[in-house]
Amino acid sequence: MVKVQKGDVIRLNYTGKVKETGEIFDTTFEEVAKDAGIYREDGVYGPVPIAVGAGHVLKGLDEQLEGLEVGKKYEIIVPPEKGFGKRDPKLIKTFTLGQFRRQGIYPFPGMPVEIETDSGRKLKGRVMTVSGGRVRVDFNHPYAGKHLVYEVEIVEKIEDPIEKVKALIELRMPKIDSEKVVIEVGEKDVTVDFSGLMEEADKNTIVLGEILLESDLKFISYEEVNFKPSVEEILKPPEEETEGEEAGEEAPTKAGEETKIEEVESTEEVAESEAEESGEKPEETPEVNEEKGKEPSTEEPSNEGETVKGSDE
């Protein structure tokens with residue numbers, strides 16, 4: 001009887017469902033993904049390697065993996081606060097219909113949209129209602145407030161130190177051939193050499209992978225982590241580049257690029273905006289009052305300089 005503990009590197013199969021509806025939203029099984037209509041051509045299927053407790057899966061699932069036996073199947077219930085969060089009424093925003101139409105967008109309930117804040121952060125949401133010149137958009141995660149059910153099986157607990165490192169490389173860089181990576185492990189130190197992949201792998205993939213792997217490897221108790229080549233070496237510009245190329249030039253504006261718009265914070269502002277466009281005064285609409293009384297999240301979309309655009313999701 002082999003049980004897993006925090007810090008163990010394992011391979012995990014799972015299928016995640018919404019308890020309230022039975023909808024499958026994530027799985028490691030290719031056929032299940034196809035049957036559920038969530039299959040992705042670029043997806044990687046099969047048992048996923050993770051370090052238990054490192055946050056590689058949802059918190060509510062990660063916490064309940066500790067103490068489970070290898071080879072057994074379990075059903076794990078994850079409450080909203082440890083899944084995709086509780087629904088936050090502050091993340092329901094109101095825009096004018098004109099703000100969409102001026103960008104050639106004709107919103108309808110259920111339509112996915114996106115806003116871009118001044119900081120460049122993109123927030124995805126869905127149109128809830130279109131009425132009286134107002135468009136209400138919900139930026140909560142689609143599964144916020146839902147209980148999740150995970151059917152899980154721990155397929156393997158990896159014991160060999162080098163295989164643990166390879167498994168974490170597979171997690172962070174699933175498209176590269178980990179067999180071409182040279183790994184040296186000591187008692188408290190590890191060196192990962194990607195030199196043999198630099199001609200065939202995307203440099204940005206290696207850079208991001210090294211950044212994430214350093215945290216993962218320290219989590220499983222390596223105090224010193226070294227990469228060859230290092231992030232600094234990969235990003236160092238060639239000496240023959242011109243000064244202008246090193247600094248980079250501002251990209252030209254693309255045709256059809258979205259213009260910045262501001263969110264409307266009150267129904268009075270919405271009414272005035274639409275009245276100016278149509279010559280009519282829109283009907284008053286009551287304020288959003290969903291899940292009243294719940295403590296709102298401290299994080300919300302910025303109210304300034306937001307870009308609204310349609311999404312092809």
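Paramagnetic label reach from residue 31 (point 7 Å along Cα→Cβ; backbone nitrogen cut-off under 15 Å): within region 40-82, residues 46-47.
Note on exposure: 70, 2 ranked by accessible area (1.4 Å probe, complete protein assembly) read 2, 70, with the most exposed listed first.
What does the charge dipole of region 1-94 about its Cα centre add up to, to the nearest 20 debye, if the Cβ of each Lys and Arg holds +1 and the Cβ of each Asp and Glu holds -1?
Details: 15 positive and 16 negative charges, 74 e Å.
Roughly 360 debye for region 1-94.
Averaged per residue, region 48-102 has 44 square angstrom of accessible surface, using a 1.4 angstrom probe with ligands and nucleic acids left out. Stretching residue 64 away from residue 183 to a fully extended chain increases their span by 39.7 nm, per 0.36 nm per residue minus the current alpha-carbon distance. In this structure residue 224 has an accessible area near 100 Å², from a 1.4 Å probe over the protein heavy atoms.
In summary, region 1-133 shows an alpha-carbon radius of gyration equal to 1.39 times the 2.2 N^0.38 Å reference for compact globular proteins. Please report the spacing between the Cα centers of region 121-173 and region 195-234 in Å, no decimals. Measuring centre to centre over Cα atoms gives 24 Å. Assuming charge only on the beta carbon of Lys and Arg (+1) and of Asp and Glu (-1), the dipole of region 87-145 about its Cα centre is about 100 debye to the nearest 20. What are the trypsin sites (Lys or Arg not before Pro) within region 56-150 that DSSP puts in a loop, where the Cβ has at most 15 other Cβ atoms within 10 Å? Loop-located and lightly packed - 72, 102, 121. Only beta bridges with both residues in region 182-231 are counted; by DSSP, about 45 percent of them are antiparallel.
Computed with a 1.4 Å probe on the full set of protein chains, the accessible area for residue 198 sits at about 40 Å². Among the protein heavy atoms of region 138-181, carbon and sulfur supply 44% of the accessible surface, probe 1.4 Å, non-protein parts ignored.
Go through region 1-92 and name the GluC sites (Glu not before Pro) that are in a DSSP coil and have 16 or fewer other Cβ atoms within 10 Å of their Cβ. The qualifying sites are 20, 23, 41, 66. Note on residue 221: accessible area is roughly 70 Å² with a 1.4 Å probe, heavy atoms of protein only. Dividing the convex hull volume of the alpha carbon atoms of region 152-225 by its residue count gives 100 Å³ per residue.
Using only the C-alpha atoms, the convex hull of region 72-214 corresponds to 199 Å³ per residue. Across the cross-link table entries 203/236; 93/124; 124/146; 188/218; 166/228; 175/218, which are compared at the Cα atoms, the separations over 20 Å belong to 175/218.
The values are calculated or read from the model by the stated rules, or taken from the named source; none is laboratory data. Everything numeric here is computed off the predicted structure, so don't read it as measured data. Virtual Cβ from ideal backbone geometry, glycine too; neighbours counted across all protein chains shown. Note: areas computed on protein heavy atoms with side chains; ligands, DNA, RNA excluded. Shrake-Rupley method; radii C 1.70, N 1.55, O 1.52, S 1.80 Å.
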